[in-house]
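Report on the structure given below.
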Amino acid sequence: MSTKNDDHAGVRDADRWPSIGLSEVQLLTGPTVLWFTAFLLVPLAVVLAYSFLTYDSFSVVFEFTLENWTGTVFSSTTISVFVRTLLVGGIVTLLCLVVGYPLAYYLRFYTTERGGILALLFLVIPFWTSALIRTQAWFPILGQTGVVNKLLLWTGLVHEPLSWLMFSPFSQLVGYLQNYVVFMAAPIFISLSQVDEDLLDASETLRGNPAETFVNVVWPLSKPGVAIGSMFVFVLSIGNFIVPQFLSGGESTVSTLIYLQINNGLNYPAAAALSIALLAVIFSLVFLLLRTVDITDIAQ
Amino acid sequence: MTSGINRRNFVKFASGAAAAGLAGCSGDGSDSTPADQTDTSGDTGGGSSGGQTISWLAPAWAARKQQGTKFGSVTNHSVEITNNNNSTVQQKMMSGGNENFDAVSHDTVLGPAFTTDNDYTAPVATSDLDGWQDGKISDLFLNPAERLSHLKGQTDKIQKFLWEDPQKKQKLKQPPHVFNFNGVGLNPKFVDTSVGSYGALFDDKYKGKVAMGSVPSISTNEVMGYLKSNGMIDASIGQLNNPTKDQIDTVVNFLVKQKKSGQFRSTWTSAGQSINLMSSEEAIIGDLWQPAVFAVRRSGTPCKYATMSKGVQGYQFWWGGIMPTKPGTGGEKKKDAVTSIIDDVHYSAWFPGFIQQWGYPTPNYPNKELVRDGSDDVGDGMGPEYYDWAYEGKKTYQAVDKPQLFDPKTYDWADEEGSPNADGQKRDQGGIEERIDRTALFQIWPDNADYLLSQWKKFRSA
């Protein structure tokens, strides 16, 4: 039984409700905002500021300059490296899609739900070890004296080891695929898991063959997963340092150029300019992707 | 064997007396020596009350756990070693490391950034170093202008990096503890063992099989030597290690052309990469560092460190030093401890044999009485067979079946005098004086480094 005082208290609470709501919003978002400000925006601002500072033999001089942008980022060498890096990112994304989609499709429609999740978890097992070891592990497999070449020689299919298996675009693609196919397959699997199987039956009832069902039903519904997977793979691959460093024949990507700037001469301003430029390119591409596909569909 | 009371003995005896006194006061009465009381936790050497614990920042080639352990066993000090790669050591030093570490080690390429260009290290007086005496230290350091006179103007930088006071020569800016001569490593299964120049890296015979270093300040030098000896560049011996912008352009354009033609199997930026390339036989020849050669052998792949020719395609000389930082973490006391680790451990009888396992000579090799035949508190010297093999270019006393797999770390070196075996192994590159004679370059960070790095991107991205 309520009392008069309780009623008054209720009225007071109701009066205060809007202000309490505002503070709750602030309390809920505050930590996140603070976190991102402290550990993302401020560091990025520092990196951006460094990109306009002068470099002088191992030292950063606090004098404004555009040299790191005009002389480094917009040099023909760097632009060609950017083009190569984006090309690599695009090819790797496409490759991961070609391999990852059928994998996700199989796990969704040809295994049980639990089996699919379990299989995806198995794909994560290699990530329990370091990226460096995962990359170096290709040496005894693809190298001149590696398993593949020995097998080919033993079977007589080749008479001398295939040199293009290692330190080549091929070995890089293999390295990227190993690292990132799970980042493509997992979101697609989740996307496909949301597909109502009645829709597939309806397509069949309407005399749609499997290909038409895929094109008109499954593919559109899986696009959010494809978009998220592509975003992951593209961003991760163009920022990858280990694969181009260890599996290429010495060709640079933007990340290895950044490493070169730091590792030889401690040229932080030039490295900062390259980093910001890479970030801007990635951000633009992700923005364009998100304008094309509504990834919030995956949560519905 | 050294005898009498020198500074090392004095330190040991004094700390022993102090420890005994402390033990008496506490009523412990144990018959312990400072060495027994050492704290050997982690990668530190020992240390007892009254001693200093110094922190030493160094690449792994310069500072290993055993050096710290020895330091603790012969003094009442201890050391905490932090190993990072070359560029990280430099990076840490240039961003406040001089206040967080007491000692730092580096080579003559990246070290001068904080020893010469910036005032982050303190000089060490030769009067504080028992091991630094005429006749006991190589002329490479005591008299480089004469010993390396064929390098002409390059020796100016040796004097500049070595001495705080090049005229008086009383204070060492970068006291050396190891040095070496870089050259070409090759797999004798596939490559003619008479190779003796950097030109082999660009020989069509080895197309697609070359491990090419991508360390601009070093790789440029070897290409300069090759181009000069073939009349493809206008350069003088005195500035072979310090190219002009035009020379850098010529070198980079040459390397880009070579890379695009498929000459290189891959490029390497760390010793580990070069080891992988050679041990897996992906590459059969490359510009390697000495420890990499031994590491390739230890993986079971034969490897020979080529004897380089005299002249501009000869070895690249560098040294690594141990420097007290300024201000460091503990003032003069810690600086004294750093001086102690330089002198007591690294100019000892034990260190030359230890570090020769990775192929590095030490500056005190002329002190044969100590290094070859002697011993001291730190340990035994190399002994006649090991010393003569390492420094005199003599063969081992025992026959060696597979000389290109020979490992000084596992070979059983004789303690007594003996005779070289006709089928014994002779150290690659020969005796030390021969190596010095065949030196073509002194490795430095060139004056036009900024331009070099900006151009090097062309090579990296080709």
- prompt: When both residues are 6+ apart or on different chains and their Cβ atoms are under 6 Å apart, which pairs have a first residue that lies in the range A:248-265 and is touching a residue at least 60 places away in the same chain (Cβ under 8 Å) and at the interface with chain B (Cβ under 7 Å from one of its Cβ atoms), and a second that is basic (K, R) and part of a helix (DSSP H, G or I)?
  reply: A:S252/B:R460
- prompt: Just for the range B:285-307: of the residues that are farther than 17 Å from B:S214 by Cα and within 14 Å of chain A (Cβ to nearest Cβ), which one is surrounded by the fewest Cβ atoms within 10 Å (Cβ to Cβ)?
  reply: B:G300
field: Candidates B:P112, B:P175, B:P123 - the one that is buried (at least 18 other Cβ atoms within 10 Å of the Cβ), within 14 Å of chain A (Cβ to nearest Cβ) and in contact (Cβ under 8 Å) with a residue 12 or more places away in the chain
entry: B:P112
message: With the requirement that a residue be in contact (Cβ under 8 Å) with a residue 60 or more places away in the chain, of a type in the set (A, V, I, L, M, F, W, C) and within 21 Å of A:L95 (Cβ to Cβ), what does the range A:121-176 give you?
response: A:L123, A:A131, A:W138, A:M166, A:F167, A:L173, A:V174
query: Based on what the data block shows, is B:M224 of a type in the set (A, V, I, L, M) and either farther than 26 Å from A:L162 by Cα or without any contact (Cβ under 8 Å) to a residue 40 or more places away in the chain (or both)?
result: yes
- prompt: Out of curiosity, is A:P220 in contact with an Asp or Glu (Cβ under 7 Å, 6 or more places away or on another chain), part of a helix (DSSP H, G or I) and away from chain B (no Cβ under 14 Å)?
  reply: no
message: Going by what's in this entry, would A:T93 be described as in contact (Cβ under 8 Å) with a residue 12 or more places away in the chain and in contact with a Phe, Trp or Tyr (Cβ under 7 Å, 6 or more places away or on another chain)?
response: yes
field: Selected residue (criterion: nearest to B:V215 (Cα to Cα)) from residues of the range A:214-250 that are among the hydroxyl-bearing types (S, T, Y) and within 13 Å of the chain's Cα centre (by Cα)
entry: A:S237
- prompt: Looking only at the range B:410-462, which residues are of a type in the set (D, E, K, R), farther than 26 Å from B:G314 by Cβ, within 14 Å of chain A (Cβ to nearest Cβ) and touching a residue at least 24 places away in the same chain (Cβ under 8 Å)?
  reply: B:K458, B:R460
message: Name the single residue that is nearest to the other protein chains (Cβ to nearest Cβ) among those in the range B:52-86 being surrounded by fewer than 19 Cβ atoms within 10 Å (Cβ to Cβ) and under 17 Å from the mean Cα position of the chain (by Cα).
response: B:N85
message: If the requirement is being touching a Pro at 6+ places or on another chain (Cβ under 8 Å) and in a helix (DSSP H, G or I), which of these qualifies: B:Q159, B:Q67?
response: B:Q159
- prompt: Is it the case that B:I218 is within 11 Å of another protein chain (Cβ to nearest Cβ) and farther than 26 Å from A:K150 by Cα?
  reply: yes
message: Quick test for you: out of B:V293, B:V338, pick the one residue that is touching a residue at least 12 places away in the same chain (Cβ under 8 Å), more than 18 Å from B:R427 (Cα to Cα) and among the β-branched types (V, I, T).
response: B:V338
- request: Could you tell me which numbered condition B:N84 fails, if it satisfies all but one of (1) modelled with pLDDT of 95 or more; (2) more than 30 Å from B:G238 (Cβ to Cβ); (3) in contact with a strand residue (DSSP E or B) (Cβ under 9 Å, 6 or more places away or on another chain)?
  value: (1)
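Okay, residues lined up against (1) touching a residue at least 24 places away in the same chain (Cβ under 8 Å); (2) within 14 Å of chain A (Cβ to nearest Cβ); (3) in contact with a Cys (Cβ under 6 Å, 6 or more places away or on another chain); (4) among the small types (G, A, S):
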{"site": "B:T269", "(1), (2), (3), (4)": "yes, yes, no, no"}
{"site": "B:S280", "(1), (2), (3), (4)": "no, yes, no, yes"}
{"site": "B:V312", "(1), (2), (3), (4)": "yes, no, no, no"}
{"site": "B:Y315", "(1), (2), (3), (4)": "yes, no, no, no"}
{"site": "B:G320", "(1), (2), (3), (4)": "yes, no, no, yes"}
- line: Across (1) in contact with a strand residue (DSSP E or B) (Cβ under 9 Å, 6 or more places away or on another chain); (2) surrounded by 19 or more Cβ atoms within 10 Å (Cβ to Cβ); (3) free of Cβ contacts under 8 Å to residues at least 60 places away in the same chain; (4) not β-branched (V, I, T), B:Q247 clears everything bar (1)
statement: Log entry, pairs with first residue in the range B:183-208 being among the polar types (S, T, N, Q), second being assigned to a loop (DSSP other than H, G, I, E, B), beta carbons closer than 7 Å, six or more apart or on different chains, reads B:N187/B:E281; B:N187/B:I284; B:N187/B:T301; B:N187/B:P302; B:N187/B:C303; B:S197/B:M308; B:S197/B:S309; B:S197/B:Q313
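Does B:D344 satisfy the condition of being buried (at least 24 other Cβ atoms within 10 Å of the Cβ), at pLDDT 95 or above and closer than 15 Å to B:D428 by Cβ?
Judged against the criteria, B:D344 is not a match.
The values are calculated or read from the model by the stated rules, or taken from the named source; none is laboratory data. This one's a predicted model, so the numbers in the text were calculated from it and none came from an experiment. Note that each Cβ is placed from the backbone with ideal geometry, even for glycine, and that neighbours are counted across all protein chains shown.
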